[in-house]
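The values are calculated or read from the model by the stated rules, or taken from the named source; none is laboratory data. Model, not experiment: these values are computed from the prediction. Note that we place each Cβ from the backbone using ideal geometry, even for glycine, and neighbour counts take in every protein chain shown.
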């Protein structure tokens with residue numbers, strides 16, 4: 001992707017990139033043409049080819065854009081986990097943002113990873129790495145809950161983080177299919193409930209202390 005020499009050029013390129021990211025997420029990469037992107041961005045083909053050699057290069061730029069735009073907030077939020085309420089707020093924020101997008105497109109990273117699987121191995125590998133980083137951030141967040149006494153020291157944190165990420169991806173999918181916030185909330189609430197089963201006695205209100 002070429003770096004524009006002027007501020008106006010950078011604005012045009014960024015507009016094309018932002019519109020492509022939105023349309024790829026809403027419709028899918030295959031179903032979105034360069035013409036669709038340019039119409040949404042109010043740009044011409046000459047401008048497009050000044051900054052992107054092909055649609056494939058645009059797709060690669062969108063992957064970079066989505067990874068940076070979506071993964072960084074996940075990492076930042078999970079680095080601040082101190083208690084169960086923080087985790088619940090983190091998951092609620094995911095559902096809030098999905099609802100704001102009117103449940104279009106599923107997870108911004110997961111949906112791209114699924115669509116590009118088998119089509120572009122380099123981009124798929126990049127997205128797989130991004131999801132692995134998200135999983136690592138979840139593990140780190142659960143480790144913070146362990147240090148603050150909310151999860152037992154012997155809990156299998158990496159396995160729990162994997163299950164949590166799988167639940168998040170499934171929640172995105174169900175909410176997208178049904179266009180329903182409630183199914184996402186219910187799935188994520190179950191995720192918290194499952195994690196709280198690994199809390200020390202006295203920290204989990206669902207645990208029977210006499211069991």
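Residue-wise test of (1) modelled with pLDDT of 95 or more; (2) assigned to a helix (DSSP H, G or I); (3) loosely packed, with under 14 Cβ neighbours inside 10 Å.
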| site | (1), (2), (3) |
| --- | --- |
| 139 | yes, yes, no |
| 145 | yes, yes, no |
| 151 | yes, no, no |
| 154 | yes, no, yes |
| 164 | yes, yes, no |
| 198 | yes, no, no |
| 202 | no, no, yes |
| 206 | no, no, yes |
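Evaluate the following for residue 42: is it more than 24 Å from residue 124 (Cβ to Cβ), in contact with a helix residue (DSSP H, G or I) (Cβ under 8 Å, 6 or more places away or on another chain) and not assigned by TED's automatic domain parsing to the domain that holds residue 199? Here the answer is yes, as residue 42 does meet what is asked. Reported count of residues in the stretch 65-96, each being at pLDDT below 95 and either under 15 Å from residue 171 (Cα atoms) or under 11 Å from the mean Cα position of the chain (by Cα) (or both), is 10. Contact annotation: residue pairs with Cβ atoms under 6 Å, 6 or more positions apart or on different chains, pairing a residue in the stretch 98-121 that is without any contact (Cβ under 8 Å) to a residue 24 or more places away in the chain with a partner that is buried (at least 20 other Cβ atoms within 10 Å of the Cβ), are 113/127.
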